[in-house]
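The values are calculated or read from the model by the stated rules, or taken from the named source; none is laboratory data. The model shown is predicted, which means the values in this text are computed figures rather than measured ones. With ideal geometry, Cβ positions are generated from the backbone for all residues, glycine too; neighbour counts draw on all protein chains shown.
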Amino acid sequence: MQSPAGPEPHPHTRPRPVHWLATAAALAGVITGVVLLGPGDATATAPATAAPDARAVRYPVHCGLARAEVVRAVAGDLDGDGRAETAAVVRCPAGAGTPPSGVYVLAPPAAPGAAPRIVATLVDPGQKMNVTGLTVTERTLSATLLGYSAAAVPRCCPDLRRAVKWHWREGKFALTPLPVATRA
(Lines give C-alpha, C1' and ligand atoms only; values in the text may rest on other atoms or scores of the structure.)
Protein backbone atom coordinates (compact mmCIF):
# COMPACT_ATOMS: atom_id res chain seq x y z
CA MET A 1 0.00 0.00 0.00
CA GLN A 2 1.36 3.41 -0.92
CA SER A 3 1.28 6.44 1.35
CA PRO A 4 -0.97 9.21 0.11
CA ALA A 5 0.80 12.17 -1.40
CA GLY A 6 0.65 15.36 0.58
CA PRO A 7 -0.20 15.92 4.24
CA GLU A 8 -1.46 13.02 6.36
CA PRO A 9 -5.24 12.99 6.50
CA HIS A 10 -5.24 12.04 10.23
CA PRO A 11 -2.07 13.17 12.00
CA HIS A 12 -3.48 12.10 15.39
CA THR A 13 -3.33 8.44 14.32
CA ARG A 14 0.46 8.38 14.14
CA PRO A 15 1.93 6.81 17.33
CA ARG A 16 3.93 9.18 19.48
CA PRO A 17 6.03 8.44 22.61
CA VAL A 18 3.11 9.35 24.86
CA HIS A 19 1.01 6.60 23.20
CA TRP A 20 3.72 4.02 23.86
CA LEU A 21 4.03 5.15 27.49
CA ALA A 22 0.27 4.87 27.99
CA THR A 23 0.28 1.39 26.45
CA ALA A 24 3.20 0.29 28.65
CA ALA A 25 1.48 1.65 31.78
CA ALA A 26 -1.77 -0.13 30.95
CA LEU A 27 0.07 -3.40 30.29
CA ALA A 28 1.99 -3.07 33.57
CA GLY A 29 -1.30 -2.52 35.40
CA VAL A 30 -2.82 -5.65 33.87
CA ILE A 31 0.23 -7.77 34.73
CA THR A 32 0.31 -6.44 38.30
CA GLY A 33 -3.38 -7.22 38.68
CA VAL A 34 -2.90 -10.77 37.42
CA VAL A 35 0.02 -11.33 39.79
CA LEU A 36 -1.80 -9.92 42.81
CA LEU A 37 -5.28 -11.25 42.11
CA GLY A 38 -4.58 -14.30 39.99
CA PRO A 39 -4.81 -17.88 41.23
CA GLY A 40 -1.97 -18.88 43.52
CA ASP A 41 -0.26 -22.23 43.89
CA ALA A 42 -2.81 -24.39 45.67
CA THR A 43 -0.08 -26.45 47.37
CA ALA A 44 1.97 -23.61 48.82
CA THR A 45 1.15 -21.37 51.72
CA ALA A 46 1.87 -17.67 51.55
CA PRO A 47 4.63 -16.72 53.99
CA ALA A 48 3.90 -13.93 56.45
CA THR A 49 7.24 -12.19 55.79
CA ALA A 50 9.63 -11.76 52.90
CA ALA A 51 11.87 -14.76 52.37
CA PRO A 52 15.64 -14.42 52.84
CA ASP A 53 17.58 -13.65 49.67
CA ALA A 54 19.57 -16.78 48.76
CA ARG A 55 22.11 -14.72 46.80
CA ALA A 56 23.02 -12.57 49.82
CA VAL A 57 24.72 -15.42 51.68
CA ARG A 58 28.29 -16.74 51.70
CA TYR A 59 27.94 -20.52 51.67
CA PRO A 60 30.46 -23.00 53.14
CA VAL A 61 31.24 -24.29 49.65
CA HIS A 62 34.88 -24.12 48.53
CA CYS A 63 35.13 -23.08 44.88
CA GLY A 64 38.70 -21.78 44.71
CA LEU A 65 38.61 -18.16 43.57
CA ALA A 66 35.01 -18.35 42.36
CA ARG A 67 31.98 -17.74 44.53
CA ALA A 68 29.37 -20.50 44.92
CA GLU A 69 26.32 -20.07 42.70
CA VAL A 70 22.69 -20.48 43.70
CA VAL A 71 21.13 -22.92 41.24
CA ARG A 72 17.61 -22.89 42.72
CA ALA A 73 15.88 -21.26 45.68
CA VAL A 74 12.40 -21.90 47.08
CA ALA A 75 10.66 -20.21 49.99
CA GLY A 76 7.98 -20.99 52.52
CA ASP A 77 7.28 -21.07 56.24
CA LEU A 78 9.11 -24.36 56.77
CA ASP A 79 9.09 -24.40 60.57
CA GLY A 80 5.60 -22.96 61.18
CA ASP A 81 6.76 -19.82 63.01
CA GLY A 82 4.97 -17.42 60.65
CA ARG A 83 8.23 -16.26 59.01
CA ALA A 84 9.44 -17.41 55.61
CA GLU A 85 12.62 -19.42 55.22
CA THR A 86 14.48 -20.08 51.97
CA ALA A 87 15.98 -23.38 50.85
CA ALA A 88 18.78 -23.04 48.30
CA VAL A 89 20.64 -25.47 46.06
CA VAL A 90 24.21 -24.20 45.76
CA ARG A 91 27.27 -25.43 43.85
CA CYS A 92 30.53 -24.22 42.39
CA PRO A 93 30.32 -22.80 38.86
CA ALA A 94 31.65 -25.19 36.23
CA GLY A 95 32.26 -24.93 32.51
CA ALA A 96 31.84 -28.68 32.07
CA GLY A 97 30.65 -31.59 34.17
CA THR A 98 28.32 -31.41 37.12
CA PRO A 99 29.84 -30.22 40.39
CA PRO A 100 28.31 -31.53 43.63
CA SER A 101 25.50 -29.53 45.19
CA GLY A 102 24.66 -28.46 48.70
CA VAL A 103 21.20 -27.68 50.09
CA TYR A 104 20.97 -25.01 52.76
CA VAL A 105 18.04 -23.55 54.69
CA LEU A 106 18.19 -19.82 55.36
CA ALA A 107 16.42 -17.81 58.05
CA PRO A 108 15.94 -14.03 58.13
CA PRO A 109 18.95 -12.03 59.37
CA ALA A 110 19.48 -11.68 63.11
CA ALA A 111 19.88 -7.89 62.74
CA PRO A 112 18.53 -5.40 60.18
CA GLY A 113 20.90 -5.04 57.22
CA ALA A 114 22.75 -8.30 57.99
CA ALA A 115 22.90 -11.29 55.66
CA PRO A 116 20.41 -14.14 56.10
CA ARG A 117 21.57 -16.97 58.38
CA ILE A 118 22.22 -20.57 57.37
CA VAL A 119 20.22 -22.58 59.91
CA ALA A 120 20.48 -26.07 58.39
CA THR A 121 22.58 -28.01 55.90
CA LEU A 122 20.40 -30.70 54.34
CA VAL A 123 22.91 -31.91 51.75
CA ASP A 124 26.62 -31.23 52.13
CA PRO A 125 28.62 -30.88 48.88
CA GLY A 126 31.12 -33.34 50.40
CA GLN A 127 28.50 -36.05 49.85
CA LYS A 128 29.18 -35.57 46.10
CA MET A 129 25.52 -35.50 45.06
CA ASN A 130 23.64 -33.37 42.58
CA VAL A 131 20.29 -31.97 43.63
CA THR A 132 17.40 -31.38 41.25
CA GLY A 133 13.74 -30.51 41.55
CA LEU A 134 13.83 -28.72 44.91
CA THR A 135 10.27 -27.72 45.84
CA VAL A 136 8.36 -26.66 48.93
CA THR A 137 4.80 -27.77 49.69
CA GLU A 138 3.38 -26.45 52.93
CA ARG A 139 6.14 -27.35 55.44
CA THR A 140 7.88 -30.06 53.39
CA LEU A 141 10.94 -29.75 51.16
CA SER A 142 11.25 -32.29 48.34
CA ALA A 143 14.15 -32.96 45.98
CA THR A 144 15.82 -35.62 43.89
CA LEU A 145 19.38 -36.57 44.77
CA LEU A 146 21.60 -37.85 41.98
CA GLY A 147 24.76 -39.75 42.83
CA TYR A 148 27.43 -42.11 41.58
CA SER A 149 27.77 -45.83 42.24
CA ALA A 150 31.56 -45.80 41.75
CA ALA A 151 34.45 -43.40 41.27
CA ALA A 152 34.73 -44.59 37.66
CA VAL A 153 31.29 -43.21 36.76
CA PRO A 154 31.82 -39.93 34.81
CA ARG A 155 30.87 -36.82 36.82
CA CYS A 156 28.59 -35.72 33.98
CA CYS A 157 26.37 -38.75 34.27
CA PRO A 158 25.11 -39.72 37.73
CA ASP A 159 23.79 -43.29 37.76
CA LEU A 160 21.90 -43.28 41.09
CA ARG A 161 18.66 -41.45 41.85
CA ARG A 162 16.70 -41.03 45.08
CA ALA A 163 13.68 -38.87 45.87
CA VAL A 164 13.84 -37.33 49.35
CA LYS A 165 11.68 -35.18 51.62
CA TRP A 166 12.51 -33.16 54.71
CA HIS A 167 9.93 -32.19 57.33
CA TRP A 168 10.38 -29.82 60.28
CA ARG A 169 10.02 -32.03 63.35
CA GLU A 170 11.04 -31.42 66.97
CA GLY A 171 13.21 -28.39 66.18
CA LYS A 172 15.10 -29.78 63.18
CA PHE A 173 14.65 -31.07 59.64
CA ALA A 174 14.03 -34.80 59.50
CA LEU A 175 14.66 -36.80 56.35
CA THR A 176 11.66 -38.92 55.42
CA PRO A 177 12.67 -42.48 54.53
CA LEU A 178 11.84 -43.07 50.86
CA PRO A 179 12.69 -45.99 48.55
CA VAL A 180 16.36 -46.92 48.25
CA ALA A 181 18.41 -45.26 45.53
CA THR A 182 17.82 -46.69 42.07
CA ARG A 183 19.85 -46.66 38.90
CA ALA A 184 19.21 -43.46 36.95
*Looking only at the stretch 129-160, and only at residues there that are surrounded by 15 or more Cβ atoms within 10 Å (Cβ to Cβ) and over 19 Å from the mean Cα position of the chain (by Cα), the one that is nearest to Val74 (Cα to Cα)*: Gly147
*Where a residue in the stretch 77-106 is touching a residue at least 60 places away in the same chain (Cβ under 8 Å) and its partner, wherever it lies, is outside any loop (DSSP other than H, G, I, E, B) and β-branched (Val, Ile, Thr), with Cβ under 6 Å and at least six apart*: Val105/Val119
_Which of the numbered conditions does Asp79 fail, given that it passes all the others? Conditions: (1) touching a Ser or Thr at 6+ places or on another chain (Cβ under 9 Å); (2) within 18 Å of Leu134 (Cα to Cα); (3) assigned to a loop (DSSP other than H, G, I, E, B)._
(1)
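So in the stretch 170-184, with the set limited to residues that are modelled with pLDDT under 85 and loosely packed, with under 10 Cβ neighbours inside 10 Å, which one is nearest to Gly147 (Cα to Cα)? Give the steps one after another, and end with the answer.
Here is the first cut: in the stretch 170-184, the residues modelled with pLDDT under 85 are 177-184.
Narrowing further to those that are loosely packed, with under 10 Cβ neighbours inside 10 Å: 177, 179-180, 183.
Working: Pro177: 17, Pro179: 15, Val180: 12, Arg183: 9 Å.
Per the stated criteria, the residue is Arg183.
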*Evaluate the stretch 110-121: report whether one residue or more is crowded, with 18+ Cβ neighbours inside 10 Å, in a loop (DSSP other than H, G, I, E, B) and either modelled with pLDDT under 95 or among the charged types (D, E, K, R) (or both).*
no
